[in-house]
Amino acid sequence: MKGKAIRLSWLVLGFLLLGGILVSCKKAPAQEPPVEIKFMHGWGGNGTDHIAMRDIFEGFQQLHPQVKVVVDSAPDISVVIDKACDMLAVDRMPDIISTNGRGIYVANATAKGTALNLTPHILNDQELYNSVPQALLSQIKNNQPLYSIPDVLEVQALWYNRSILEEAGLLQPGESLPTDWDDFMVLCQRLVEWSQQTGRQIMPFALDQQRYLTIFMALLASRGGEPYLRQLSQGYLDGGMIQSLELLRDLSRFSWPDHFPLGINDGRQAFVDGRSVFFLNGVWDNMVFAGTDLEKDIGYSPYPGLNGVTVSYVSLSEGYVISSMASQTQQSVCLDFLKYILSEEVQTRIVEETLQVPLNPAVKVELIREAHPLLGMALEEAYKAQVQVPTVYSLWHESVIESFHANIASFLEGKISAKEMALLMDKARILL
């Protein structure tokens, strides 16, 4: 019996060894290759906000090791958009791109039928649905197609140096700027007179072409809000348009005479140096002013308008576009990226690290003001405007905007009339 038991034990051991050899000879199951998506963006610079956004983007990769994100970026979004439009021309596009408000790419991709319609994905995904504001949901409530979604809101109005205005006796402590255009022009005139009397060399504005367009559009918006601005896009030879251009030319006497060629950085520096009192730009400039000596001296206000109708820009600008040419798996990954970037956690990071205005309504203004007082103050003031409109790039075609930029200097210098200026913009529209 003992011998049989020993033989049986050796037999069992043999089978086990043979089984082990057979198992070891089997090929290990092949690992699934990572899902690869190409992502283009314009956050390739050295600024703190650019560095922060890249770190946020990389967070998605860390959470999804089964995904390989191939990044194509540049410090200048214009470079990225030009490259992406060139790709579209030969029927290629990235799986996902951050357009940073540049509507030309969205328009081109939509026209070619290669931009994914995001509406059904938002309406059928509760997580995504809860991450977007009511303004966006209103746009798609009847299944209207949506081909782009931003990660932040663009909020823009008027920075001003309260300290200088109070010193000049033009504002009392706690008093707001005039809301009526005519009253605001009187304030500007009195500021110029005070500057001349005191030898301070201060002007109300240091305006460049884009700032002229910004305040001009706000002036038009005070006539009839977004519907009027969209109506003008059908024809610019309008009485209100021509009258507003005349008012804009009158305003130009309150800007530094060397306003051409000025850029945004020159205008901002004039404001920081105290050479100008008003600076037209978004709430995002709080990151420039916060923590400086200027912070305690400045305020934010909606733009004054006709008959006291105040205006600010609150815009769901163009943002991320997903390629409809991507595979279903790639599209699914890109939609996961959208859910990641719009999540309350990441949106809070965007506020804290880049001082931009989050899209997700779960991040409240009160919380923003607590963490970043200057940004919170600017948001609260901008939201008080009686009329809130999208940015000009969401309303008018870029060829019309380019016509405005190309001819504004000649118009302000009196070389062409307001009617001729409007006619040139209308010709740009007709040539579309």
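Need one number: convex hull volume per residue for the stretch 67-153, Cα atoms only, in Å³.
Looking at the stretch 67-153, the number lands at 119 Å³ per residue.
Indicate the gyration tensor shape class of the stretch 229-372 (rounded, prolate or oblate), computed on the Cα atoms with a ≥ b ≥ c the square roots of the eigenvalues: a/c under 1.5 is rounded; otherwise a/b larger than b/c is prolate and the rest oblate.
oblate
Expressed in nm to one decimal, what extension gain is obtained for the pair SER399 and ASP250 from 0.36 nm per residue of sequence separation less their Cα-Cα distance?
So the extension gain works out to 51.1 nm.
If a paramagnetic tag sat 7 Å from the Cα of LYS419 along the Cα-Cβ line, which residues of the stretch 244-258 would have the backbone N under 13 Å from that point?
none
Which of the trypsin sites (Lys or Arg not before Pro) found in the stretch 62-93 are in a DSSP loop and have at most 12 neighbouring Cβ atoms, other than their own, within 10 Å?
Answer in residue order: no site qualifies.
Do the alpha carbons of any pairs in LYS364/LYS384; LYS68/LYS141; LYS339/LYS364; LYS38/LYS83; LYS83/LYS364; LYS339/LYS384 sit beyond 25 Å of each other, and which pairs?
Correct reply: LYS68/LYS141; LYS83/LYS364; LYS339/LYS384.
Would you mind computing Rg(Cα) / (2.2 N^0.38 Å) for the stretch 152-298, counting N as its residues?
Taking the Cα Rg and dividing by 2.2 N^0.38 Å, one obtains 1.08.
P(r) for the stretch 365-432, please, calculated from all Cα pair distances in 5 Å bins and given in %.
3, 15, 16, 13, 11, 10, 11, 10, 7, 4, 0
Beyond 12 Å, what percent of the Cα pairs of the stretch 204-244 remain?
It works out to 60 percent of all Cα pairs.
Evaluated at 4 °C with a viscosity of 1.567 mPa s, what Stokes-Einstein diffusion coefficient in µm²/s does the chain have when Rh comes from the Kirkwood expression over alpha-carbon pairs? Don't jump to the answer; show the numbers that get you there.
Working: Rh = 24.4 Å.
So the translational diffusion coefficient is about 53 µm²/s.
List the relative contact order of the stretch 46-195 as a percent without decimals, with contacts defined as Cα pairs under 8 Å and 6+ residues apart. Walk me through the numbers before you get to the answer.
Numbers: 62 pairs, mean separation 19.3, N = 150.
Reported as a whole number, the value is 13 percent.
To test your reading of the geometry: what angle, between 0 and 90 degrees and rounded to tens, separates the Cα axis of helix 103-112 from the longest principal axis of the chain?
It works out to around 50 degrees.
For the stretch 163-247, build the convex hull from the C-alpha positions and give me its volume per residue in Å³.
Spelled out: Cα convex hull of the stretch 163-247, divided by residues, is 113 Å³.
With contacts defined as alpha carbon pairs under 8 Å and 6 or more residues apart, what's the relative contact order of the stretch 186-329 in percent?
Taking the mean separation of contacting Cα pairs over the length of the stretch 186-329, I get 33 percent.
Using a Cα-Cα cut-off of under 14 Å, which aspartates and glutamates could be cross-linked to LYS419, ignoring same-chain neighbours fewer than 8 residues away?
Hits, sequence-local ones excluded: ASP238, GLU246.
What is the chain's relative contact order, in percent, from Cα pairs under 8 angstrom and six or more apart in sequence?
24 percent
If you fit an axis through the alpha-carbon atoms of helix 209-232 and take the longest principal axis of the Cα set of the chain, what angle between them do you get, 0 to 90°, nearest 10?
Result, in degrees: 80.
Let me check I've understood the local charge: for GLN172, count other residues with C-beta under 13 angstrom from its C-beta, Lys and Arg +1, Asp and Glu -1. What total comes out?
Numbers: positive: ARG162; negative: GLU166, GLU167, GLU175.
Net local charge, GLN172 excluded: -2.
Where the Cα atoms of the stretch 138-197 are projected onto their three principal axes, how long is each span, largest first, in whole Å?
Here the spans come out as 60, 23, 22 Å, largest first.
When the helices in the chain are scored as -39500 (n - 2.57) per DSSP H run of 4 or longer and the sum is shared across all residues, what 222 nm value do you end up with, to the nearest 500 deg cm²/dmol?
Here the helix-only value at 222 nm equals -16000 deg cm²/dmol.
Could you list the GluC sites (Glu not before Pro) in the stretch 374-432 that lie in coil according to DSSP, counting only those with at most 13 other Cβ atoms within 10 Å of their Cβ? Write down the numbers at each step before the final one.
On the way: sites: GLU380, GLU381, GLU398, GLU402, GLU413, GLU420; in loops: GLU413.
Hits after loop and neighbour filter: GLU413.
What does the C-alpha gyration tensor say about the overall shape of the stretch 285-432? Classify as rounded when a/c is under 1.5, otherwise prolate if a/b is larger than b/c, or oblate.
oblate
Where does helix 2-25 land angle-wise versus the long Cα axis of the chain, in degrees 0 to 90, nearest 10?
Computed tilt is about 30 degrees.
Please identify every one of the trypsin sites (Lys or Arg not before Pro) in the stretch 388-432 that sits in a loop by DSSP and has no more than 13 other beta carbons within 10 Å of its own beta carbon.
In loop regions of the stretch 388-432 (DSSP not H, G, I, E or B), the sparsely surrounded trypsin sites (Lys or Arg not before Pro) are LYS415.
Since every read-out is calculated from the coordinates, none of them should be taken as a lab result. None of these values were measured; they are calculated from a predicted model. Counting neighbours? That spans all protein chains shown, and the Cβs are built from the backbone with ideal geometry, glycine included.
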